Each structure stands twice: as C-alpha cells, then as structure tokens.
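The values are calculated or read from the model by the stated rules, or taken from the named source; none is laboratory data. What you are looking at is a predicted structure, and each value in this text was computed from that prediction instead of being measured. In this analysis, Cβ positions are derived from the backbone assuming ideal geometry, glycine residues included, and neighbour counts consider all displayed protein chains. Heads up: the accessible areas ignore ligands, DNA and RNA and are worked out on the full protein's heavy atoms, side chains in. Shrake-Rupley method; radii C 1.70, N 1.55, O 1.52, S 1.80 Å.
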Amino acid sequence: MNWKLAARAAKMNPSVLREILKVTERPGIISLAGGLPSPKTFPIQAFADACAEVLHNDGQAALQYAASEGYAPLRQAVADMLPWDVDASQVLITTGSQQGLDLVAKVLIDPGSKVLVETPTYLGALQAFGPMEPHPVGVASDDDGVIVEDLVAKAKDARFVYLLPNFQNPTGRTMTEERRAAVSAAAAAANLPIVEDNPYGELWFDEAPPLPLAARNPEGVIYLGSFSKVLAPGLRLGFLVAPKSIYPKLLQAKQAVDLHTPIFTQRMVSAVMKDKFLDRHVPTIRALYKRQRDAMIAALKREMAGLDVKFNAPKGGMFLWARLPEGVDTVTLLPKAVERNVAFVPGAPFYAGEGDPRTLRLSFVTASVEEIDTAIAALAQTLREELVLLGDKKLAAAQV
C-alpha cells in the first residue's frame, strides 16, 4: 500500500538524544544522562492508600469518562498551590506537561511562525513545536536567562517566547528576580506572549526561586506545570494555566487529542495531595538531590582539575551544564565514555540553531554519591585521552 504522508509528518523525527543514547543501554552503565527523577522519591505507599480510597469511595466514576478540563477538586488544588491569584476555571489538566507543549503548538503556531526560545532550550519543546512547522529562533542567553536586549530585538512578529525560568533543562540555570522583572516588562511592551514551563520549580535547595513570570502578567502568559518531578512521572499528569481569552482553544485542542486525561490518575493524585502531603514530601526530594548535586560538583572539581572544564552549580532541579575544552565534540566523546561505563547527554541538540559541540548535560539525581564519584572519574579519564588524541592530530597536521 502506498501511504501518502502529510507534510507535517516529515517534521516528526526521532529524538536526536534518544538515538544517541541507545549506546547507553548496555548493562553496567552509570547514567548521568536521563532526565529521570530518582525512583527513591516515589511515594508508593501514599499511592497504594489513595488507590484503595478512590476505588472504595467512587470507583465507578473513577473508571468512567470525565470532563476534558480535568477533575474539579484537582483543578482547584492546582489553583490554590500557585503563588498568584488563579481561578480554577483557568486550569487545564494535561497528560503530562509535554501535552501542554503540544496543545500550545497546535493553537498558536502556523507554518513559518517565528517562535523564540532560550539558548540552549528544552529539546522536548523543540520536538513538540516541530510538526507545526515553526521557525524557531534562539535568543542570546547568559547565566541569568535570556538577554533582554536580544529578546526585544527579535520580538517582532514572534508568536511567543518559550522560557524555563527555574533550574532550566538542560543548563540548570535560574532566572534572577531582576531579569524576570525586565523580561516580563519587555514582553508586555512588545505584545509578546510568554509560554512559561516550570516542571522543576519546587526542587529548590536553599531558597525558593523568584515569583513566576505568570504572576507578573497573568494575561500574557501560558504557564505549564507537572506532577512528574514531585510525585512520579509514570502518572503522566501535568497542567496548564491560561488566560481566559485563550483557554477555550487549548481545551478544544485537548478534546481532539484524548478527550481527557485519565480520571482515575487525577482522582488518585487529588487524594494524595490532601492534608498538605506535598509540603511534607517535597523537602525529602530536595534534600536527596542537594546531596547528590554537592557530590557531583565536588567530583568535578577534583577530577577535572587542570582540564579547562567549565561547569555551573545549579541552585535546584536535576541538571548541571558543562563546557569542555575547544576542539572536543561531546557526540564523539559519548561512545568513548560509554566504554568506561559512564553516559552523559551531548549539548548540541538543545540549540534551536547551530549547537555548541563542546557542551554536555549531566543529571545528578538518579546515581548514588558513590556512583557519581566513579562516573566523573571515568569521564575525566575519557576526556584526558581525547585531549591527547586531539593534540596528536594537531601535531600531525602541523608537520605536513
């Protein structure tokens, strides 16, 4: 049968990272690659109790079709936990926050639409936007987030700017209060909508991040959140908060996709969240991740000494960003590191345009302190050997 594909299907390509990371699947690998929460943080007993409660109290409704907007008590719980005035009617429960990105793309992007993103940005967002055929444009960014002057220069005719202000994936950086105020004001002045993605905001280590961009201009921001990082990713439960002017179209897009997010999962999470469970549970995640971040930074300082490796110290979240010496390509380096039983994520695919081949992302949340020490030592040895190899090539070229 000669199946004729839609033009948009050509934009649905395999994840570059998932293809690269197939080499990490062999046994014995210490993975600093995947963006997976630590399974140690999953509140299994709380879910067992909630499951029994939901089935006992209203099992028939929990197993039936439900409203596309989401389970009303859960929508209210989301509205109540956000640090600005949100009406539950603005909350749409999604099948993971990734679905929120897909809905935003379908509602806001036409072929050729200019969409602004950070440099670098979340690869999953680029994938979600891709089938709608946008023109993604990277905005210059530094350790504090997007640079306002470049944002203003590129804002004309852009449909929106996509931002992750808190513990960004992939860099782990956090937008400062001063930068948030400036970005919010500049976007409002340019009539530039913001799509604010905040899956990691509760995973702060020493102090909570500044107020979301959505709290500063609620009518100009679509805000995305997730339960994956504070409860469990297997729930596939997220949410978005949208201005009332755009909410109906996002809801209609969702109805066409899946009718509604599984109501049993929604009811179960609603039951778990009673009695301020997250207030007790999330601090245990923060403490675990902080110990592991500290271990990774200490290992990098120890093992990478003298190798001209630059890396940051994220104030929360799950990721650390590093840049290796000039000439090193982390895509080439990855299989060599895997031979030493350690994996990371090359950084170049996270860029809207040409990526920096020297960059890489390290996740510190799933490996133990001992595994982190072993993995960073192995990565450092792999880098030393690569630098020797690069030096030999330069010497040979010079002799020709």
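Of all residues in the range 357-366, those satisfying the criterion of being in contact with a Ser or Thr (Cβ under 7 Å, 6 or more places away or on another chain) and either at pLDDT below 95 or open to solvent by less than 20 Å² (accessible area, probe 1.4 Å) (or both) are THR359, LEU360, VAL365, THR366. Evaluate the range 371-385: report whether one residue or more is assigned to a loop (DSSP other than H, G, I, E, B), farther than 30 Å from PRO283 by Cβ, within 27 Å of the chain's Cα centre (by Cα) and of a type in the set (Gly, Ala, Ser). Among the residues of the range 371-385, not one is assigned to a loop (DSSP other than H, G, I, E, B), farther than 30 Å from PRO283 by Cβ, within 27 Å of the chain's Cα centre (by Cα) and of a type in the set (Gly, Ala, Ser), which makes the answer no.
Within the range 133-142, the residues that satisfy the criterion of being modelled with pLDDT of 95 or more and surrounded by fewer than 23 Cβ atoms within 10 Å (Cβ to Cβ) are HIS135, PRO136, VAL137, GLY138, ALA140, SER141, ASP142.
Take the residues in the range 100-131 that are among the charged types (D, E, K, R) and buried (at least 20 other Cβ atoms within 10 Å of the Cβ); name whichever of them is nearest to SER270 (Cα to Cα). Walk me through how you get there before you give the answer.
In the first step, residues of the range 100-131 are kept if they are among the charged types (D, E, K, R); the result is 102, 106, 110, 114, 118.
Cutting the leftovers down to buried (at least 20 other Cβ atoms within 10 Å of the Cβ) gives us 102, 118.
On the way: ASP102: 24, GLU118: 34 Å.
Out of the qualifying residues, it is ASP102.
Do we find a residue being open to solvent by 60 Å² or more (accessible area, probe 1.4 Å), assigned to a loop (DSSP other than H, G, I, E, B) and in contact (Cβ under 8 Å) with a residue 60 or more places away in the chain anywhere in the range 266-277? For the range 266-277, residues open to solvent by 60 Å² or more (accessible area, probe 1.4 Å), assigned to a loop (DSSP other than H, G, I, E, B) and in contact (Cβ under 8 Å) with a residue 60 or more places away in the chain: absent.
At pLDDT 95 or above, under 19 Å from VAL221 (Cβ atoms) and surrounded by fewer than 18 Cβ atoms within 10 Å (Cβ to Cβ), is that true of VAL152? If you could, list the steps in order and put the result at the bottom.
Values: at pLDDT 95 or above: yes; under 19 Å from VAL221 (Cβ atoms): yes; surrounded by fewer than 18 Cβ atoms within 10 Å (Cβ to Cβ): yes.
Answer is yes for this residue.
So for the range 348-356 (the condition being at pLDDT 95 or above and open to solvent by 70 Å² or more (accessible area, probe 1.4 Å)), does at least one residue qualify? So far as the range 348-356 goes, no, none of its residues is at pLDDT 95 or above and open to solvent by 70 Å² or more (accessible area, probe 1.4 Å).
Failed condition for ALA343, given (1) of a type in the set (A, V, I, L, M); (2) within 21 Å of GLU370 (Cβ to Cβ); (3) at pLDDT 95 or above, with all others met? Going through (1) of a type in the set (A, V, I, L, M); (2) within 21 Å of GLU370 (Cβ to Cβ); (3) at pLDDT 95 or above one by one, ALA343 breaks only (3). Being within 23 Å of the chain's Cα centre (by Cα) and part of a loop (DSSP other than H, G, I, E, B) holds for only one residue in PRO283, PRO243, PRO325, and it is PRO243. When SER270 is tested against (1) within 12 Å of GLU69 (Cα to Cα); (2) out of contact with any strand residue (DSSP E or B) (no Cβ under 7 Å at 6 or more places or on another chain); (3) of a type in the set (Ser, Thr, Tyr), only condition (1) is not met.
Here ASN166, ASN198 are screened, and the one residue that is open to solvent by 10 Å² or more (accessible area, probe 1.4 Å), more than 17 Å from LEU151 (Cα to Cα), polar (S, T, N, Q) and at pLDDT 95 or above is ASN198. Which one is farthest from the chain's Cα centre (by Cα), of the residues in the range 289-316 that are surrounded by fewer than 15 Cβ atoms within 10 Å (Cβ to Cβ) and more than 16 Å from ALA375 (Cβ to Cβ)? It comes out as GLY306. Of everything listed in (1) within 19 Å of the chain's Cα centre (by Cα); (2) in a helix (DSSP H, G or I), the single unmet condition for ALA367 is (2).
Residues are listed down the side, and each one gets a yes or a no for (1) in contact (Cβ under 8 Å) with a residue 40 or more places away in the chain; (2) in contact with a Phe, Trp or Tyr (Cβ under 9 Å, 6 or more places away or on another chain):
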site: THR171; (1), (2): yes, yes
site: THR174; (1), (2): yes, yes
site: ARG179; (1), (2): no, no
site: SER184; (1), (2): no, no
site: ALA189; (1), (2): no, no
site: PRO193; (1), (2): yes, yes
site: GLU196; (1), (2): no, yes
site: GLU202; (1), (2): yes, no
site: GLU207; (1), (2): yes, no
